[in-house]
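The values are calculated or read from the model by the stated rules, or taken from the named source; none is laboratory data. Keep in mind that this is a model prediction, so the values were computed, not measured. All Cβ positions, even for glycine, are placed from backbone atoms using ideal geometry, and neighbour counts span all protein chains on display. Each accessible area value is taken on the protein alone, full model and side chains, heavy atoms only, with ligands, DNA and RNA left out. Shrake-Rupley method; radii C 1.70, N 1.55, O 1.52, S 1.80 Å.
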Amino acid sequence: PDGRVEIGVHIADVSHFVQPDTDVDAEALKRATTVYLVNGIVPMLPKPLCEIACSLNENVERLAFSCVWKMNMDGTMSKKGDEAGDKDDIWYGRTVIKSCARLDYATAQNIIDRKVATGEDRASLDDNFWPRSRQPTGGHTHDQVAHDVRLMHRVAMARRRLRFQNGALALNGIKLAFKLEEDGETPQMCAPYPIRDSNRLIEEYMLLANYLVAQRLITHAHGRALLRNHGPPLDNGMQQVVDVSREALGFAIDTTSSSSLQESLSRLSRECDDDLVVQCVTESLMTPMRPAEYIAAGEIDGTEWAHFALNIPYYTHFTSPIRRYPDVIVHRLLQATLEGEEAVEGFPLDQREVHDAADHCNEMRMSAKKAQERSDRVFLSLYLRKNPIESTLGVCLGVGEKTFTVFVPSLGCSTRVFLQEHQDTLNVNAYTDDHGRRKIVVSPKTTTVPGQEVPDQADAAVRRPGWKSLDVKVFTKLEVACTCKVQPPIDVKVRLVGPWLES
């Protein structure tokens, strides 16, 4: 009625089930994170907790830890009163929740896009857009749920615009999704995972909940507050991207802050007609980025709490205690702050011990990330072994002495191309120019197309290349062939076919 919206982020109350100084807690800390591989999951917690007690299924009561706040329709936080100095209207606490529907991203997107729930009665709902298993229970109607989803989407998008206006940075790489055969090992399908507004809706509220919990921990748990900071990128790596963009595109990128960097990318998107160039610049900028890390607030200077990419002064992880141990510590600390100063002082971990646990979690998170990336690469290689790609678009991201790096947008991966592997098909001239920059010029040796087998002379005539010379520079579009390496270790192999011809 007053134009404000109450948002509640309700997270499974893992810390109720996983008590300190228990075997489950010790093992969870040891693992520190769930590892997601293409062909399986290595969970941080026992399956009965992950799949039953801490799974927020519909129409059953579940224990949760909640962060509830009020927002305005423009995405700003609502104050408790009308005065400028009033505090944000936020509530934290343990709750019991009972979800009425278990939506997935695809269904929520269909609701947002008004492909379903546009006035039809329940019997007329299209199961393709809103599966029966995901429809509301407990007396709630699909119109009520659809109304709330669309309202939350509207506020979330306003919040997202506000974040980027205030200098947040978005560097999102392509994540591959696999579908396996019944044997659970052979990849049947491989495609980039789509990021939709329904994903962004959840992201906005998760980011805000994490920020608000960090705020509470800093003011009430003090030095023990477990935060997640993100330092500025490596100067040398960023300068290389700046120099290359200026040379290849004539475009200046300002890397002095996340705000200026995001503004540069936004300006590039507006001024450049080629979305692929923007994607490749973004891909290049990800390399010099430092990883975010967990810390205890009292162990480092307050100026180093900041999160560079989000462009906010502090941040934490509260929203995934099932798969991240730092979130478990955050839940326990948050509960201590609600119980009072005595509970904070009596917290099982002191400031240094929180920081040591954070360090361990950083190491395990990095190990898990490497395992996940390697798993993706192995299964992509297996997919390409069975389904080689004879021709696709690649973009050069870097030039070395005897190699160059190619980004393949359709696969979301970058890989190195070795010139010596093209000696049978290409004449190669690799040199350093007067300014110290690496240069590679290639030309076809024969009438065959590099990377393709030619069974007979007739085919060779048909496949005669229509190019004479190719200057391989950063952001040059290339035609490449992708398959799996024959020799171990298993990996993606990319061969240069020639210049990319726009259709």
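Values for this structure:
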read-out: Cβ crowding within 10 Å averaged over residues, with 361-371, 324-334 ranked highest first; value: 324-334, 361-371
read-out: Rounded tilt (10° steps) of 235-249 against the dominant C-alpha axis of the chain; value: 50 degrees
read-out: Charge dipole of the chain about the Cα centre (unit charges at C-beta), most positive-ward option of 72, 351, 444; value: 444
read-out: Karplus (6.51, -1.76, 1.60) ³J(HN,Hα), θ = phi - 60°, over the range 480-494, in Hz, Gly and Pro reported as x; value: 10, 10, 10, 8, 9, 4, 7, 8, x, x, 4, 6, 6, 10, 10
read-out: Global size of the range 275-346 as Cα Rg and Dmax, reported in angstrom; value: 17.0, 56
read-out: Most positive-pole-ward Cα, 417, 428, 158, against dipole of the chain from beta carbon charges; value: 428
read-out: Using θ = phi - 60° and Karplus 6.51 cos²θ - 1.76 cosθ + 1.60, couplings along the range 339-345 (whole Hz; Gly, Pro as x); value: 7, x, 4, 5, 5, 5, 5
read-out: Carbon and sulfur %, accessible surface of the range 88-230 computed with the full protein complex present, 1.4 Å; value: 49 percent
read-out: Square roots of 5 times each gyration tensor eigenvalue, C-alpha, the range 108-220, largest first, Å; value: 29, 25, 15
read-out: For the range 5-14, 3J(HN,Hα) per residue [Karplus equation, 6.51 cos²θ - 1.76 cosθ + 1.60, θ = phi - 60°, Hz, x = Gly/Pro]; value: 10, 8, 10, x, 9, 10, 10, 3, 7, 4
read-out: Those lysines that a straight Cα-Cα span of less than 18 Å connects to residue 70, excepting residues fewer than 8 apart in one chain; value: 79, 80, 87
read-out: All aspartates and glutamates inside 12 Å of residue 175 as judged from Cα atoms, apart from same-chain residues fewer than 8 positions distant; value: 373, 376
read-out: Student exercise, the chain dipole from Lys, Arg, Asp, Glu Cβ charges, in Debye to nearest 20; value: 1000 debye
read-out: Cα convex hull volume per residue for the chain (Å³); value: 198 Å³
read-out: Å² per residue, accessible surface of the chain at 1.4 Å; value: 51 Å²
